[in-house]
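First comes the structure, then the notes that go with it.
The values are calculated or read from the model by the stated rules, or taken from the named source; none is laboratory data. What you are looking at is a predicted structure, and each value in this text was computed from that prediction instead of being measured. FYI the Cβ positions are ideal-geometry reconstructions off the backbone, even for glycines, and counts take in every protein chain you see. Protein only, heavy atoms only, side chains kept; ligands, DNA and RNA dropped before computing areas. Shrake-Rupley method; radii C 1.70, N 1.55, O 1.52, S 1.80 Å.
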Amino acid sequence: MSNRFLATPVRDPKSAIAVHDIPAQAPWSGLVRKGQSIRIIDLEGQQAVDTLFYRADDFSERYSSQDTLRVQGSAYVSTGTRLISSEGRLMATVTADTSGSHDTSAGACSCESNTARFGHHTKYQHACRENFLVAVMKHGMSKRDIVPNINFFMNVPVEPSGNLAIVDGVSKPGDYVEILAEMDLLCVISNCPQINNPCNGFNPTPIRVQIFAGADTQG
């Protein structure tokens, strides 16, 4: 069942302290301080947004999909989900979601997985793992630091067999998810370039990231 409700008041976009437009298929990284909120907006709809979080002052502590699923007892991320770190600590909380459940099981596409799933001719196509690598290298990390991620706006139902399916996304133009930072975070995004399955409607499109000040710092 879709989880279409808001847990935060409607925000004036002009109140954002930072706005980043991320082109189709591109990576991005940025700092989100404790108490700030990051809003990820699917500008045109049906665009998967692969996302990772790292503790800003110690990148060895990072988002853990396994611990997040275990603590939640749910296969999906949505309003109220607590994002848990590899050290078992609360990193962030999802405070608003206009789209529905978001995947954190299917991981990121790579050149290797594209080849295995879609054929050798896709080997040299751009992929999320390569986007992540470009982004984390700017912060002194390597491929070894790329862990299983959240796929915001990606529709991955669990079939009766237990298999994961990637099907058409349900997000509409302007849908967003908002996350409250519970510690200083480095957010890393791959605006998914996948064109071989319907996670992006076979047509990657731009997204927008807005960062809002915490309640204790607003005027």
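Structure above, values below:
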| item | result |
| --- | --- |
| Residue that is nearest to residue 101 (Cα to Cα) [pool: residues in region 130-163 that are touching a residue at least 60 places away in the same chain (Cβ under 8 Å) and open to solvent by 50 Å² or more (accessible area, probe 1.4 Å)] | 158 |
| Boolean, residue 127 is touching a residue at least 24 places away in the same chain (Cβ under 8 Å), in contact with a helix residue (DSSP H, G or I) (Cβ under 9 Å, 6 or more places away or on another chain) and open to solvent by less than 40 Å² (accessible area, probe 1.4 Å) | yes |
| Pairs where the first residue, in region 89-108, is farther than 24 Å from residue 44 by Cβ and the second is of a type in the set (Phe, Trp, Tyr) and buried (at least 18 other Cβ atoms within 10 Å of the Cβ), C-beta under 8 Å, 6+ apart | 91/53; 91/63; 92/53 |
| Search result, residues across region 72-92 that are open to solvent by 10 Å² or more (accessible area, probe 1.4 Å), in a strand (DSSP E or B) and either aromatic (Phe, Trp, Tyr) or under 20 Å from residue 171 (Cα atoms) (or both) | 76 |
| Considering residues of region 140-155 that are closer than 29 Å to residue 43 by Cα and polar (S, T, N, Q) only, the residue farthest from the chain's Cα centre (by Cα) | 155 |
| Residue check, residue 108 small (Gly, Ala, Ser), crowded, with 18+ Cβ neighbours inside 10 Å and touching a helix residue (DSSP H, G or I) at 6+ places or on another chain (Cβ under 6 Å) | yes |
| In region 17-28, the residues that are among the aliphatic types (A, V, I, L, M), surrounded by 15 or more Cβ atoms within 10 Å (Cβ to Cβ) and in contact with a Phe, Trp or Tyr (Cβ under 8 Å, 6 or more places away or on another chain) | 22 |
| Filter result for residue 58 (farther than 24 Å from residue 17 by Cα, free of Cβ contacts under 8 Å to residues at least 12 places away in the same chain and not in a strand (DSSP E or B)) | yes |
| In region 62-83, the residues that are more than 20 Å from residue 98 (Cα to Cα) and among the basic types (Lys, Arg) | 62, 70 |
| For residue 31: the one exception among (1) closer than 20 Å to residue 200 by Cα; (2) surrounded by fewer than 18 Cβ atoms within 10 Å (Cβ to Cβ); (3) not charged (D, E, K, R) | (1) |
| Residue count, region 175-192 (criterion: farther than 18 Å from residue 147 by Cα and either within 14 Å of the chain's Cα centre (by Cα) or small (Gly, Ala, Ser) (or both)) | 7 |
| Qualifying residue in region 128-143 (condition: touching a Ser or Thr at 6+ places or on another chain (Cβ under 6 Å) and at pLDDT below 95) | yes |
